[in-house]
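Notes follow once the structure below has been shown.
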Amino acid sequence: MKKSAHSQSGAVLIVVIVLIAILSATVAYTTKNTLQGGQQIRNERDYLLAYQAAHAALWDAERDLALSPGQALPNAACIRGPGFRGSPADLNNPNASPQFTSNCLAGQCLSANAVWASAGPANNGAPWWPVSKGGQWSATGTASAMSAQCETFTGSIPLGIFTGTPALKGVAKQPDYLIELMRPASTLQDASLGGNFTCQTPAVDCLVFKITARGFGSSLTSEVLLQSMVTLQTGAPLTDPQRILRRQFREIPGMRSDL
């Protein structure tokens, strides 16, 4: 009887140990999945925040383009003076005083098709490329920091600097954007978006622009780049809904502007 009792006790102990091991493994597996699920939710939420910020900057850029020379909006840190909003004839004239430049003066860049033909390891690319590859993204992330140099700063435009749009909350850095004047004005074959873009009524008062907007989530590692092609009929009334038209829109996946 004693031997049988000892055998039963040993068997029970083994069962208990096995059950504890199974329970521990189950708890560890569940905890791991819970943590991974929580991280995935945080990453998704951060991406959506960055996407919304970039989209806000895209709309802000279109409002910027719609401004008339000298037009001041409430709470805007800067005004687009006549030197930055000339006539379409001047903007289409390569010999005119540059208002859109290769170094993106006041956020206004001049894009040339030759950039795409020569871009490579030895040559820089477009203004919206990563900084290490010739990108013109500014390190400054607030409109207030730019207000003292409205017509002299180069690089991207922080949200609201010309439009007065309020700063976004919950983001690691305020979104910004670059505006590129594309040539020729009436029709453009653009390698980066792969499409033809023609104004409603091709004429001297029709301009084509590429807008690239950058948004961040709650950390700088969450970054989204959005891009659109828009046409601007400068001769149309400000109230004309066809004055500015967004022709194409895309997200640029997997690109970090600070690399």
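The values are calculated or read from the model by the stated rules, or taken from the named source; none is laboratory data. Everything numeric in this text was worked out from a predicted model, so none of it was measured. Note: ideal-geometry Cβ built from the backbone for every residue, glycine included; neighbour counts use all protein chains shown.
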Taking segment 103-126 and the residues there that are closer than 11 Å to Leu181 by Cβ and part of a loop (DSSP other than H, G, I, E, B), the one that is modelled with the highest pLDDT would be Cys104
Of the residues in segment 90-102, those that are outside any loop (DSSP other than H, G, I, E, B) and either loosely packed, with under 15 Cβ neighbours inside 10 Å or modelled with pLDDT of 80 or more (or both) come to Asp90, Thr101
Counting only residues in segment 205-234 that are among the polar types (S, T, N, Q) and in contact with a Pro (Cβ under 8 Å, 6 or more places away or on another chain), the one nearest to Glu251 (Cα to Cα) is identified as Thr212
